[in-house]
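No value in this document is a laboratory result; all are computed from the given coordinates. Just so it is clear, the structure is predicted and the values come from calculations on it, not from any experiment. Virtual Cβ from ideal backbone geometry, glycine too; neighbours counted across all protein chains shown.
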2 protein chains.
Amino acid sequence: MKFGGTSMAGIERIRNVAQRVRREAEAGNEVLVVVSAMAGETDRLVQLCREAAALHDPKEYDVVVASGEQVTAGLLAMTLQNMGVTARSFMGWQLVKASGIHGNARVDAIENALLDEALSAGTVAVIPGFQGVSGDGRLATLGRGGSDTSAVAIAAGLKADRCDIYTDVDGVYTTDPRIVPKARKLDAITFEEMLELAGVGAKVLQPRSVGLAMRENLPLRVLSAFEDVPGTRVVAELSGADMERNEIAGIAADRNEARITLTAIADRPGTVAAVMSPLAAAGIAFDMIVHAATHGEQASDLTFTVPRASLAQARSAIEGHKEAIGYGELLTDDSVAKVSIVGVGVRSNPALAAKMLETLAKQKVNLLAITASEIKVSALVAERDLDLAVRVLHTAFGLDSERAA
Amino acid sequence: MKFGGTSMAGIERIRNVAQRVRREAEAGNEVLVVVSAMAGETDRLVQLCREAAALHDPKEYDVVVASGEQVTAGLLAMTLQNMGVTARSFMGWQLVKASGIHGNARVDAIENALLDEALSAGTVAVIPGFQGVSGDGRLATLGRGGSDTSAVAIAAGLKADRCDIYTDVDGVYTTDPRIVPKARKLDAITFEEMLELAGVGAKVLQPRSVGLAMRENLPLRVLSAFEDVPGTRVVAELSGADMERNEIAGIAADRNEARITLTAIADRPGTVAAVMSPLAAAGIAFDMIVHAATHGEQASDLTFTVPRASLAQARSAIEGHKEAIGYGELLTDDSVAKVSIVGVGVRSNPALAAKMLETLAKQKVNLLAITASEIKVSALVAERDLDLAVRVLHTAFGLDSERAA
């Protein structure tokens, strides 16, 4: 069981969490609980680091920010004990071996022996999420939202039957309910679909944790920490009744996009790589690369998107290599957005992509770029068209809830 | 160098601490820094534990409250780095082996190797105070104020030349300046005197840390974290110019006293022990035991003091053993206070005790009890007489500052 920051924000909420844990333990299950810091606490600690030094050692940052989950782990353990549940906390440095970049480390291994011993003795183990210890004995955190990854890694390491992620939403929805009030909660979704939905803005689970669960074939559930309602199962493949689900799992919307177009770039091998290398070197993610000849045989336009916050940095990275790349103008637009249909059906049914484009065309939504991957088709649109695009696609793909909004 | 919670309360103050540390490092010294949590933070964490469970597992309490010093250690390390000082934090669980009662553990050993390596490389080591790790791998805290003990234990373990305790006062005073504005800062004081002053209310240093420094013969300094003024050296023996100091180091005042008198107790061996055992079993400290025959040969009064907050508990512990003890009445008074003269001179000069009693008698201060130890003479007085008693003794023993108050 993993509980997020909103679920742990204050003693009353921790008591609510403890009641849920007790119910699982009393049902005869062996239970491990991974906890986040109280909502707001990590932000407070990050802010202290920023005030201490604008550029700070990530190893010391890890020491500071890892403290938030330590506090909630201790508090939950004592709350469980107070309810008559045998429980104890473990520390991240006792259990989780991590490596890589401090502040964004990855989990290498879980020390199962300590946990096995606790579980065999009928003890509920409470573990601070988001952290482990590096090879040189320093605290290491896994990056924001890393508690999901902690939970999945620990569950996989112990070959758990299931990993339940308790959060402040009650499951995974077909789209953002703030855009489409008729959005519907999914009973089940595949790992791949979840990854695509997470990657394009549905931030229910940290994408890294979903990837890890997929690799380890560990079934997840996304559940509300506050309401007793069924959540969404995240599984390797849909089966049984879940097969009846729509071919499209959901519509993803992402406003965090900016478009860059380079005009009149040389149409020869290596040009696209020459553009993307400086971005990669600067750690800027790029997406939706469209390269279409528009100026005859010799030159063409290259369009791609970057996260909106990285636009200025991307521009200067490219302008610094203008001679090597060779292009006419660098045009940017930061009022674009991406709408995507996501579903395992896309793989086998090309008609779905066509239906998406027709639906948008009928509404006169101008498409700035289109890209497709295995289970997703994305269109770049003007940001002002995004809500309309999401709504009409949600209806067209039969995702609207039958309940009135 | 050890810095208390007031010195670490916020980034601006941490920057001030870092400047002091840099100065020591730039003077060519090998420096270790032990830090407290930000002022108020430990109280906040203790309160969270209380809300979680009135009676809580001390091991989980330790997990929660140890986080405060972890945060300040990381923040100070990054602040030092930002000033160009090579520095890194270590964690209590890497360095300090502890045992005993969780929440009030004692230091068993220091892992010197890690620290030696850092110091040899010219790195300032920043260490969270107040904590270590127990034999079974659990976080263990040393009790409130335990950062002083951490600092002394680590300094002694590394055979440091000196341990400087930076605090929000600028040294050890001859008495409480709130009572006697003419109180004077001492240049030097012995460990024994410091222990007696700490034990009776001058809470500049945690008594346990002073005891440890005395055992290890580690010179201490008490210094202001905010002002650049000489502090007070705490040493094994006064020597050189310090010998010129008054025979009495200071006057201690303690309001935290309550008196219990048992009338008409049987005057036979074992009676005092029969009273004190139930108190010891309840963890109640007692002091100033006076047993004087007043009712002829068969019975007498027994008077002693307990901390004021323990009075109700002490009363019920004794009343629960009334038959076994055998006494007439149990009388209590919670408006008493203790005034003491403290100094190595008491050992060799019995005239000092006489002078104390004469001085108080001249002011018609009624003495409810008198006790003496190696370097201290204490008198129990009505609380309303305390300030007067402290003032006249301070003057009589030549402690008044020459500066006008």
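Would you mind telling me the antiparallel percentage of the DSSP bridges in chain B, rounded to 5?
On the way: 45 of 65 bridges.
Just about 70 percent of them are antiparallel.
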Separation between Cα centres of the stretch A:121-159 and the stretch B:193-263, rounded to whole Å: 46 Å
For B:58-70, mean number of other protein chain Cβ atoms within 10 Å: 6
Between A:Leu330 and A:Ser120, what is the spin-label point distance in nm, taking each point 7 Å from the Cα along the Cα→C-beta axis? 6.1 nm
Distance check, please: which entries in B:Lys97/B:Lys185; A:Lys97/B:Lys2; A:Lys182/A:Lys364 exceed 25 angstrom between their Cα atoms? B:Lys97/B:Lys185; A:Lys97/B:Lys2
If you count, for every residue in A:78-86, the Cβ atoms of partner chains within 10 Å of its Cβ, what is the mean? 4
Take every DSSP beta bridge whose two residues both sit in the stretch A:2-168, then give the antiparallel share in percent to the nearest 5. 35 percent
Shape call, the stretch A:2-168: gyration tensor on alpha carbons, a/c limit 1.5: oblate
How would you classify chain B from its alpha-carbon gyration tensor, with a ≥ b ≥ c the square roots of the eigenvalues: rounded for a/c under 1.5, else prolate if a/b is greater than b/c, otherwise oblate? oblate
Would you mind getting me the FRET efficiency between B:Arg255 and B:Gln47? Use the beta-carbon distance for r and R0 = 22 Å, nearest 0.05. 0.30
Could you give, in nm with one decimal, how far B:Glu237 is from each other copy of that position, shortest first, with labels 7 Å out from Cα toward Cβ? 8.7
Quick calc, A:Asp136 & A:Thr86: beta-carbon distance into FRET formula, R0 30 Å, rounding 0.05, result 0.30
Between copies, how far does the label point of A:Asn29 sit from its twins, in nm, shortest first, when each point is 7 Å from Cα along Cα→Cβ? 5.6
Which residues does a label at A:Arg347 reach in the stretch A:377-401, if reach means a backbone N under 19 Å from a point 7 Å past the Cα toward the Cβ? A:377-378
Since chains A and B are linked by a rotation, which residue in A has the beta carbon closest to its axis, and how far is it in Å? A:Ser67, 2
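Hey, what's the per residue convex hull volume over the C-alpha atoms of the stretch A:135-249, in cubic angstrom?
In the stretch A:135-249, the Cα hull volume divided by residue count equals 127 Å³.
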Using packing as a proxy for protection, rank A:27-36, A:302-311 so that the peptide with the highest average count of other Cβ atoms within 10 Å comes first. A:27-36, A:302-311
Among trypsin sites (Lys or Arg not before Pro) in the stretch B:337-399, those in a DSSP loop whose Cβ has at most 15 other Cβ atoms within 10 Å are B:Lys364
For A:382-390, what's the mean count of beta carbons from other chains sitting within 10 Å of each residue's beta carbon? 0
Residue-averaged 222 nm ellipticity for chain B, from DSSP H runs of 4+ at -39500 (n - 2.57), nearest 500: -10500 deg cm²/dmol
Using amide H atoms built in the peptide plane, which far-off residues or other-chain residues are under 5 Å from B:Gly250 H to H? B:Val342
Nm distances between copies for B:Ser224, ranked from closest, using label points 7 Å along Cα→Cβ: 5.9
Choice from B:Gly137, B:Gly343, B:Gly240 with maximal GNM fluctuation in chain B (Cα, 10 Å cutoff): B:Gly240
Of all DSSP beta bridges having both residues in the protein assembly as shown, the percent classed as antiparallel (nearest 5) is 70 percent
For Cα pairs less than 8 Å apart in space and 6+ apart in sequence, what is the mean separation divided by the residue count of chain B, i.e. the relative contact order in percent? 13 percent
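Compactness ratio of the protein assembly as shown: Cα Rg over 2.2 N^0.38 Å, N = residue count?
1.24
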Taking the Cβ of each residue in A:Asp254, B:Asp161, B:Asp43 as the centre, tally the other Cβ atoms inside 10 Å and list the residues starting with the fewest. B:Asp161, B:Asp43, A:Asp254
Calculate, for B:Ser99 and B:His291, the FRET efficiency according to 1/(1 + (r/R0)^6) with r their C-beta to C-beta distance and R0 35 Å; round to the nearest 0.05. 0.40
Per-residue Cβ contact counts at 10 Å, fewest first, order A:Ser300, A:Ser340 as A:Ser300, A:Ser340
Global form of the stretch B:201-257, assessed from the alpha-carbon gyration tensor, a/c cut-off 1.5: rounded
Convex hull per residue volume in Å³, alpha carbons only, for the stretch B:251-396: 120 Å³
Round to a whole angstrom and tell me the spacing of the C-alpha centers of the stretch A:97-117 and the stretch A:328-348. 36 Å
